[in-house]
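Below is one structure; the comments refer to it alone.
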Amino acid sequence: MRVEAPRFGPAPSTAADRLPDESAWAYMVRCPDGSLYAGWTNDLARRLRAHKRGTGARYTRMKGGAALAYAERCADKSAALRREAALKRLSKADKEALAAAWQRDNRVTLRWAVPEDGGAVAQLYNWYVTHSTATFQYDTVTAAQYEQFVADTLRSGPFLLAESADGRLLGYACAHPWHTRQAYAWDAETTIYCAPEAVGQGVGRRLYGALLAALRRQGYHNAFALVASPNPQSDAFHRAMGFTRFGLEAHTGYKFGQWLGLSYWQLALCREDDAPAPVRLTLTEAEKSEVLEEFF
Ligand SMILES: CC(C)(COP(=O)(O)OP(=O)(O)OC[C@H]1O[C@@H](n2cnc3c(N)ncnc32)[C@H](O)[C@@H]1OP(=O)(O)O)[C@@H](O)C(=O)NCCC(=O)NCCS
């Protein structure tokens, strides 16, 4: 009888392993003259960018652009179309009331994470594990694993959360040592994930802004980010945050039936050529508050 040699690693994930995301959005954007335009989309971030640049609907083009005023996640395209029609039928006063309530509930605040946040962070991250190639992870993570992950990360770097006024986790950003050898001590690897409902609305910029500010204060000299390729949204985001792409590991990961690359991004946090001071493991509570206030 032929004995199979033991194999290493998981069975490759197939296209069928990717959970479908059929959700769509009904939304309103506000034009510079104050008017509200209602629409629907299955890619809120892309549609918002188009409205912002003035390349969205004819109405918002004519008005010179528009910014998000209300968004409602719907089960699928037909539900979003129905909600869009209902929004369009609302009186101006009812539209304004809806937008005001949405604005209130979605006011974003940043705070430092504590290990007990691990469950919520894991839930957000798991959406990308099961729906996206943004992470190379196949298996979902548990709350307990992520409680440990938050605790471990906070030992040497910031772990920041963005929350809505009604208590939903809208995103997280964290940083940990890039390599373990001592000479790398001034390098941090940064990570960020925003909830699908929050992408393209400025949450990432605030979270990463605060994260990078905290790293600078701790005395880190470089931030590195590893971005799955393709991930044009994250590429554009890292470029916008000042990072430069310096390399690509082509064809290095396999997920959902496709080969993926991994691009390397770097941001110099400090330009000093002199010998660096040792990195401080944490900031004082006063410094943490200052960082949060800066990105309030
Ligand atoms: C990548 C990610 C963190 C960016 O956060 P975000 O809140 O969506 O980004 P912001 O709205 O703050 O955008 C900040 C800037 O990034 C750039 N940007 C963001 N999304 C973009 C897009 N889809 N196309 C072009 N530029 C984009 C823009 O310059 C933008 O600034 P502007 O709106 O003033 O022009 C977020 O979209 C996300 O979590 N995506 C899914 C998970 C993921 O890929 N994580 C990264 C793993 S490495």
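Here, each number is a calculation from the coordinates, and none is a lab measurement. Computed from a prediction, not measured in an experiment: that's the story for all the values here. Positions of Cβ are backbone-derived with ideal geometry, glycine not excepted, and every protein chain shown enters the neighbour counts.
Could you give me D for segment 122-183, from Stokes-Einstein at 37 °C and 0.692 mPa s, where the hydrodynamic radius is the Kirkwood radius over C-alpha pairs? Units µm² s⁻¹, please. Calculated translational D: 248 µm²/s. Less than 5 angstrom separates the built amide H of Phe256 from those of Ser13, Thr14, all sequence-distant by 5 or more or on a different chain.
Of all DSSP-defined beta bridges confined to segment 109-294, some 90% are antiparallel rather than parallel. For the peptides 158-164, 192-198, 242-248, residues were scored by their other Cβ atoms within 10 Å and the scores averaged per peptide; the highest-first order is 158-164, 192-198, 242-248. Derived scalar couplings between HN and Hα for segment 132-137 equal 9, 9, 4, 10, 7, 5 Hz in order, rounded to whole Hz, by the Karplus curve 6.51 cos²θ - 1.76 cosθ + 1.60 (θ = phi - 60°), x for Gly and Pro.
Can you bin every Cα-Cα distance in the chain into 5 Å intervals starting at zero and give me the percent of pairs per bin, rounded to whole numbers? P(r) over the chain, rounded to whole percents: 1, 5, 10, 13, 16, 16, 13, 11, 7, 4, 2, 1, 1, 0, 0, 0. With springs only between Cα atoms under 10 Å, which of Ala67, Ala268, Ala86 fluctuates most in a Gaussian network model of the chain? Maximum fluctuation in the GNM of the chain, among the listed residues, is at Ala86. Extension gain, Arg61 to Ser35: 0.36 nm times the residue separation minus the Cα-Cα distance gives 8.1 nm. With contributions of -39500 (n - 2.57) from each DSSP H run of at least four residues, the per-residue ellipticity at 222 nm computed over the chain stands at -11000 deg cm²/dmol. Placing one equal scatterer on every Cα of segment 199-291 and applying the Debye formula, the log10 ratio I(q)/I(0) at q = 0.17, 0.26 Å⁻¹ is -0.85, -1.27.
Taking only Cα atoms and a 10 Å spring cutoff, compute GNM fluctuations for the chain and point out the largest among Arg168, Arg89, Arg46. Fluctuation is largest for Arg89. Remark: the Ala75-Arg49 segment gains 7.1 nm on full extension, using 0.36 nm per residue and subtracting the alpha carbon distance.
If I take R0 = 30 Å and measure r between the Cβ atoms of Ser13 and Asn222 in this structure, what FRET efficiency does the formula 1/(1 + (r/R0)^6) give, to the nearest 0.05? For R0 = 30 Å, the calculated efficiency reads 0.40. Taking only alpha carbon atoms, segment 21-105 gives an Rg to Rh ratio of 0.94, where Rh is the Kirkwood radius. Computing FRET efficiency as 1/(1 + (r/R0)^6) for Arg2 and Thr140, where r is the C-beta to C-beta distance and R0 is 45 Å, gives about 0.80.
The packing ranking of peptides 209-222, 108-121, highest mean first, is 209-222, 108-121, where packing means the average number of other beta carbon atoms within 10 angstrom of each residue. Here the Gaussian network model covers the chain, with springs between Cα atoms less than 10 Å apart; of Thr284, Thr142, Thr55, Thr284 fluctuates the most. Our coupling estimate for segment 178-192, obtained by passing each phi through the Karplus curve with A = 6.51, B = -1.76, C = 1.60 and θ = phi - 60°, is 6, 9, 8, 4, 4, 5, 8, 4, 9, 10, 10, 9, 9, 9, 8 Hz, Gly and Pro reported as x.
Once C-alpha pairs closer than 8 Å and six or more residues apart are averaged by separation and normalised to the residue number of segment 131-264, the relative contact order reads 21 percent.
Residues whose amide H comes within less than 5 Å of that of Ala69, counting only those at least five positions distant or on another chain, are Met28, Val29, Arg30 (H built at 1.01 Å from N in the peptide plane).
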